[in-house]
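Values in this text are rule-based calculations from the coordinates and carry no lab data. Only a predicted model underlies this, so the values are computations on that prediction, with no experimental measurement involved.
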Amino acid sequence: MKKDHQLIPKPSSKFQKVSCQECQEVQVVYSHATTPVICNSCGNALTKSTGSKTIVFGQIVGSVE
């Protein structure tokens with residue numbers, strides 16, 4: 001269906017599970033985050049904000065529904 005014919009459009013943003021490259025800790029990150037996300041255990045940057053979607057430096061494990 002066309003976008004204007006959908007009754008309730010699905011959002012393009014979602015929450016993602018991201019694994020840190022250094023310590024493999026998994027954190028939940030918003031796909032359109034406006035601030036950089038830092039790993040809680042080792043302090044490495046997991047994401048960088050770009051104005052729209054974030055750049056993910058870690059491994060995306062899955063999405064949270």
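Quick look at the values:
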| read-out | value |
| --- | --- |
| 3J(HN,Hα) from dihedral phi, segment 9-26, Karplus parametrisation 6.51/-1.76/1.60, rounded to Hz, x for glycine, proline | x, 7, x, 8, 9, 7, 8, 10, 8, 10, 9, 5, 6, 7, 10, 6, 6, 9 |
| Stretchable slack from residue 22 to residue 44, in nm (0.36 nm times residue separation minus alpha-carbon distance) | 7.1 nm |
| Per-residue ³J(HN,Hα) for segment 27-32, Karplus 6.51 cos²θ - 1.76 cosθ + 1.60, θ = phi - 60°, Hz, x for Gly and Pro | 10, 8, 10, 7, 5, 10 |
| Rg and Dmax [Cα atoms of the chain; Å; Rg one decimal, Dmax integer] | 14.1, 47 |
| From phi via Karplus (6.51, -1.76, 1.60), per-residue ³J(HN,Hα) for segment 53-64 in Hz, x at Gly/Pro | 7, 8, 8, 9, 8, x, 8, 7, 7, x, 10, 9 |
